[in-house]
Amino acid sequence: MLVAEILLLLLYAAIEFAVGLLFAWAFARMFHVRLSTKTRLWMATAWAVLGVIPTALGLNGGL
C-alpha cells in the first residue's frame, strides 16, 4: 500500500511540474518576456513543490 501511495505522489508531482511549465509559458506570453530554460524549470519546480507539500503533509485530504 505504501508503494502505491508513493507512486501516486510521484505521479501527482509530475503533473504539477507539467502545470508549472504551462504556467511559465503563459507568464512569458502574457508579459511579453523571454524566459531562459533554467528560469522556466525553476518556476515549474517551485510550482510543483508548492503543490505537493500539502498533499505530502496530509492536508486537503491527502492521498
So how much slack lies between Val49 and Ala4, counting 0.36 nm per residue of separation and subtracting their Cα-Cα distance, in nm?
14.2 nm
Sorted by accessible surface (1.4 Å probe, heavy atoms of the protein chains only), largest first, Met1, Met43, Met30 come out as Met1, Met30, Met43
Mean separation of Cα pairs under 8 Å and 6+ residues apart, divided by the residue count of the chain: what relative contact order is that in percent?
41
If you line up the long axis of helix 37-56 against the longest principal axis of the chain, both from Cα atoms, how many degrees apart are they, to the nearest 10?
30
FRET E, pair Ala28, Ala56, Förster distance 30 Å, beta-carbon r, rounded to 0.05:
0.55
How much of the accessible area of the chain, in percent, comes from carbon and sulfur atoms when a 1.4 Å probe is used?
75
Regarding the chain, what are the three Cα extents along the principal axes, ordered largest first, in Å?
45, 19, 13
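Please list, by residue number, every one of the trypsin sites (Lys or Arg not before Pro) in region 12-63 that is coil in DSSP and has at most 14 other beta-carbon atoms within 10 Å.
Arg34
The values are calculated or read from the model by the stated rules, or taken from the named source; none is laboratory data. Predicted model, so just to flag it, every value in this text is computed and none were measured. Using ideal geometry, Cβ is built from the backbone for each residue, glycine included, and neighbour counts are taken over all protein chains shown. Side chains included, ligands, DNA and RNA excluded: accessible areas come from the protein's heavy atoms. Shrake-Rupley method; radii C 1.70, N 1.55, O 1.52, S 1.80 Å.
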